[in-house]
Each structure stands twice: as C-alpha cells, then as structure tokens.
There are 2 protein chains.
Amino acid sequence: MSDLLLPPQATQVGLAVDVAAFAMHAGELRVLLVQRGELPHARDWALPGGFVHPGEELHEAALRELRTETTVELEPRHLEQFFTFGEVNRDPRGRIVSVAHLAVLPAGAVEVSGGGHTLGAAWLSAHDPPRLAFDHQAILDRALGRLQLRLEYANLALEFLPDTFTLPELQGVFEAILNRKLDKRNFRKRVLSQGALLPSGERRSGVGRPAQLYRRAKNARTPAL
Amino acid sequence: MSDLLLPPQATQVGLAVDVAAFAMHAGELRVLLVQRGELPHARDWALPGGFVHPGEELHEAALRELRTETTVELEPRHLEQFFTFGEVNRDPRGRIVSVAHLAVLPAGAVEVSGGGHTLGAAWLSAHDPPRLAFDHQAILDRALGRLQLRLEYANLALEFLPDTFTLPELQGVFEAILNRKLDKRNFRKRVLSQGALLPSGERRSGVGRPAQLYRRAKNARTPAL
DNA sequence: CCAAAAGTGTTTTCCCTACACCCATGT
DNA sequence: ACATGGGTGTAGGGAAAACACTTTTGG
C-alpha cells in the first residue's frame, strides 16, 4: 500500500464517521447524543462520531465510536451508511468528510454514559433535539428521512424491540418514527398479513387486558440498499 | 483552515468520486465508461472518476470528471450522490474512499471521446457491461438499483429525453431501466394522470402512425433524498 | 392495400382507509 | 363495579393489472 502512487492533485482529507443511533425510550423516538468535551463546539451536543483509523473499515469505525463515546451496552441491530457529508467548510478544522451511518438499538439500550473525550451522553428526542454542533442537524434530518423510508420497506421496526413484544408496542414504534397516529385495526391487519410474526404466550401490562406476545418468524430479513 | 488541529489518529485518505452516468442509446440503457490509460487496471473499462481537488465540492468534482475524462457535450440533467465505497483494500494504491454519484444525461449525449488520461470513452450496455476495474461493477449495480427506485418516485425518466418526446419513447425509457416490458395502455393512463405532461404538435416516425409529441409541464420537479 | 406503430376502455382485483364496540384483566 | 388498555370486522374508493381491436400513416 504505497501512497507514492497517488497523483499529486489527490486531496488528502480527514475521513470521519458519524452515527445517528435510534432507540425507543418512554414511548418516544430518541437519538443518542454526546456532549462534546473539546473544541470546536465544546459543550454542544453532537452525534457520536470521529475519525476512521488506518486500516479500519467504515462500519467498524462507526461501531467503535458508538462504544467508546457512549458506553452503550447493547449491539446495534441495524447499521447502515446513508449519506456522505463532504462540504468544504463543514468543519473549521479542515476538509473533513463524514460518512454518516444510521443505527438502530433495541429497547433496553437506555443506560449510557459519556466516554472518550465527551462530557456525557444521553438519549434525547429525535424529533425535537437540542441545538447540534457542526452540520449534525442536517445529518439527523436525513437520518430520520431514511429511517422512515426503511420502516415501510424492511421490517426495521422489529429491531427496536426485544425478542418478544406486543402488537401495541410495535405500533408504538411505527407511530414514534412516523410521528403520527395509526389506526389500530388497519395496523394489525397489515403486519399480521405479512406473515413475519408468530404468537407465543401471554403477558400482563400494568393495567388493562393483557396483550398477546409475538416473536419474529425465522425468515423475514432486512433487505439491502 | 489549519490541518494542525486534526488529532493524530485521523486517517488521511485519498478522496475520490466516481460517476455512473446513464443515457438512452439505440433503445437501450447505456452507461458511460472510459478505458483506463494508466496503472492500475490499464486498458480496462471503468466508471469515470478521480480525485477531488482541494477546495472542490463533491458534486463539482463529479461534474469535472465527467467533462474532462469523456468530453460529453451535454450537461447532466440529474446528479446525485448515492453511496460511498470505502473498503480498505478496494484500491491497490492505498486507502481511497470514493463517493459514487449517479448522473442522467439526455438522449443526444452519445458522442463521447476520451480525454485526460483515458484511452477512450464509450456508452456501453448498462445491464451487460464489460469487465470493470476495481469494484466498479459493484458501484454500477448499486447505481442501477438506485436508478430504478428513483424512476418510480421522481419523474426522472423525463431527464433521459429531449424537450419534446412521444409516449412510446417515454415508455421505452421505463422499460430499458426496469429491464422489463410494460403494458401500453396502463402506462399511458398512469403517466397522463399525473398531469405533468402537455401535448404539442405532431411527428412522424420512420414507419407507422405518427405519435403525439409531449412536453413536460412547468411544475413537476425532481424531489430530494 | 399492406405493413408498422400509435392510440383507445372496460373489468377485475387488491390494497388502503374509515369507522365502533366488546373483552380480559387489576384494583 | 369500573377503569384501562387489548382485540375484532366490514364496507367503500382508488389504484394497478389484465386484456384486443381500431386508426393513421408511408411505401
């Protein structure tokens, strides 16, 4: 691997990844944010991210940043590159190109603490986040758009839930992501007709009639692109 | 813009763009390819592309590569980033990250000649291309997938045609991209009901009954994402 | 008048939407 | 018993798919 072969006009740039990691918390769609501990934008909220190490694949870098910056204890159920932000002046430190990734974490991944060079980490409202550093609001916007698209195509909603879940819980995931109410009967008809869900035992919630528990069928995978 | 602020573990990588530029030719979907004049992969076919210059935006680099490597005389009607290929060993020269772009050129953009460091350029079959250099077959596959998706959403098909066109021509664009036949009556019903097309004069083809010419309505734009 | 391509309608099916009441449990 | 949330069915509208013949031109 000799960089001497690179032509002289080749721009050497900083290569970074940023991760918009989503999870459900308190019936709401949340995104994982870190409070920056360094300049620029010290003390501002930002998406977890950082520079790709030499010899490290892009998705590996995304996973590493998730782990070291935020100490989430669960593995992402979905990780996908969705856009590359390369505007010349997007970062005051120089030409830094960021390959943005979308991650989905299951419910239960709510305990986070800051790690690395951050002051802290928290799951905050995805639809109404605080002011974000750099162009991270634009990244988050696009991540939300992609997440909404994926929801219809793939059965990405299941990745937000534990192995067994109720239909009202699943509907809650859809409503949180799409940011609107859905009709209960039409929703059940639609997801059950896909044949990707299997009933199991039963369960009681705090109040009201207990809900049937479901489990994802053996097939039913998340397609590509 | 001082790169001295970059932390030491920041990977400096080569930043490149590659362009999958599509156009219709002889009733077939073609992709613009260049024959490489330099190592590695000399004399192999490849997507036009190259390194981003300092201070140059990604889409500017994509346009420049199109122009200098292939001497196409027409402007792209659509240009969109669709995926970033950053695998560690995708290029023997070192860590080179390529932001792949999808371009659409109108019919008539068929005269191309090699430029820059290439031996030549040609519009070749998009669905059955020759062996390609690097990971360019993977890039092309993904570009085709994205193009097919975009076709349904946006009215991207119009970008393949001159200002005035016939409905059979438009149907030919759809069929070439989707790689399957469509029903004539259902097709006409669908596109005319969108209200994005306006009739104008008439026209004779070589043989058979002349077809009505259409023009795109004033509104009807290509949406984002 | 013949070849060649353009143009035209109807029927059926499927999916999405709207909509209101009963059921099972905990307190 | 009652409060709370879970569960169920049907009817109407609109989009998509299947399907064959007539029309207009050039040669």
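From the set of residues in the stretch B:96-121 that are part of a loop (DSSP other than H, G, I, E, B) and open to solvent by less than 20 Å² (accessible area, probe 1.4 Å), which is nearest to the other protein chains (Cβ to nearest Cβ)?
Step one: list which residues in the stretch B:96-121 are part of a loop (DSSP other than H, G, I, E, B), which gives B:105-117.
Subset that is open to solvent by less than 20 Å² (accessible area, probe 1.4 Å): B:105-106, B:109, B:115.
Values: B:Leu105: 23, B:Pro106: 26, B:Ala109: 26, B:Gly115: 16 Å.
Taking the candidates together, the pick is B:Gly115.
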- Message: Being at pLDDT 95 or above and part of a strand (DSSP E or B) is the requirement here; does B:Leu124 meet it?
- Response: yes
With criteria (1) assigned to a loop (DSSP other than H, G, I, E, B); (2) at pLDDT 95 or above; (3) away from chain A (no Cβ under 14 Å), B:Glu56 comes up short on (3)
Counting only residues that are buried (at least 21 other Cβ atoms within 10 Å of the Cβ) and either under 21 Å from B:Leu58 (Cβ atoms) or modelled with pLDDT under 95 (or both), the stretch A:17-33 contains a total of 4
Can you say whether B:Glu60 is open to solvent by 40 Å² or more (accessible area, probe 1.4 Å) and more than 16 Å from B:Ile139 (Cβ to Cβ), as far as the supplied structure shows? yes
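Conditions tested, residue by residue: (1) among the polar types (S, T, N, Q); (2) touching a Gly at 6+ places or on another chain (Cβ under 8 Å).
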| residue | (1), (2) |
| --- | --- |
| A:Leu66 | no, no |
| A:Arg90 | no, no |
| A:Ser98 | yes, yes |
| A:Leu102 | no, no |
| A:Val112 | no, no |
| A:His117 | no, yes |
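Quick check on the stretch A:186-211: of everything there that is among the hydroxyl-bearing types (Ser, Thr, Tyr) and assigned to a loop (DSSP other than H, G, I, E, B), which residue is nearest to DNA strand C (Cβ to nearest atom)?
Filtering the stretch A:186-211 for residues among the hydroxyl-bearing types (Ser, Thr, Tyr) gives A:193, A:200, A:205.
From what is left, the residues that are assigned to a loop (DSSP other than H, G, I, E, B) are A:200, A:205.
Numbers: A:Ser200: 15, A:Ser205: 8 Å.
Here the residue is A:Ser205.
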Could you go through the stretch B:190-205 and let me know if any residue there is within 24 Å of B:Glu73 (Cβ to Cβ) and either among the small types (Gly, Ala, Ser) or away from DNA strand D (no atom under 14 Å from the Cβ) (or both). no
Of the candidates B:Phe165, B:Phe160, B:Phe174, the one satisfying the condition of being under 14 Å from the mean Cα position of the chain (by Cα), outside the structural domain of B:Leu74 (by TED's automatic domain parsing) and among the aromatic types (Phe, Trp, Tyr) is B:Phe160
Filter the stretch B:75-89 for residues that are within 14 Å of chain A (Cβ to nearest Cβ) and open to solvent by 60 Å² or more (accessible area, probe 1.4 Å); the one that is nearest to B:Glu60 (Cα to Cα) is B:Glu87
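Conditions (1) open to solvent by 80 Å² or more (accessible area, probe 1.4 Å); (2) modelled with pLDDT of 95 or more, marked per residue:
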{"position": "A:Ala157", "(1), (2)": "no, yes"}
{"position": "A:Gly172", "(1), (2)": "no, yes"}
{"position": "A:Leu182", "(1), (2)": "no, yes"}
{"position": "A:Arg188", "(1), (2)": "yes, yes"}
{"position": "A:Gln194", "(1), (2)": "yes, no"}
{"position": "A:Leu198", "(1), (2)": "yes, no"}
{"position": "A:Arg216", "(1), (2)": "no, no"}
{"position": "A:Pro223", "(1), (2)": "no, no"}
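Please work out if B:Leu140 is more than 10 Å from DNA strand C (Cβ to nearest atom) and open to solvent by less than 30 Å² (accessible area, probe 1.4 Å).
So B:Leu140 passes the test.
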Notebook entry, point to check: Just to be sure, is A:Arg180 out of contact with any Lys or Arg (no Cβ under 7 Å at 6 or more places or on another chain) and either within 14 Å of chain B (Cβ to nearest Cβ) or within 10 Å of DNA strand C (Cβ to nearest atom) (or both)?
Noted result: no
Here the qualifying pairs (Cβ atoms under 8 Å; residues six or more apart or on different chains; first in the stretch A:63-83 and over 24 Å from B:Phe82 (Cβ atoms) and free of Cβ contacts under 8 Å to residues at least 40 places away in the same chain; second among the acidic types (Asp, Glu) and in a loop (DSSP other than H, G, I, E, B)) come out as A:Arg64/A:Glu56; A:Glu73/A:Glu111
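Residues checked against (1) within 18 Å of the chain's Cα centre (by Cα); (2) small (Gly, Ala, Ser); (3) modelled with pLDDT under 95:
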| residue | (1), (2), (3) |
| --- | --- |
| A:Ala143 | yes, yes, no |
| A:Leu151 | yes, no, yes |
| A:Ala154 | yes, yes, yes |
| A:Gly206 | no, yes, yes |
| A:Leu213 | no, no, no |
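The values are calculated or read from the model by the stated rules, or taken from the named source; none is laboratory data. Quick caveat: nothing in here was measured; it's all calculated off a predicted structure. As a convention, Cβ positions derive from the backbone with ideal geometry for all residues, glycine included, and neighbour counts pool all protein chains shown. These area figures cover heavy atoms from the full protein model, side chains too; ligands, DNA and RNA do not enter into them. Shrake-Rupley method; radii C 1.70, N 1.55, O 1.52, S 1.80 Å.
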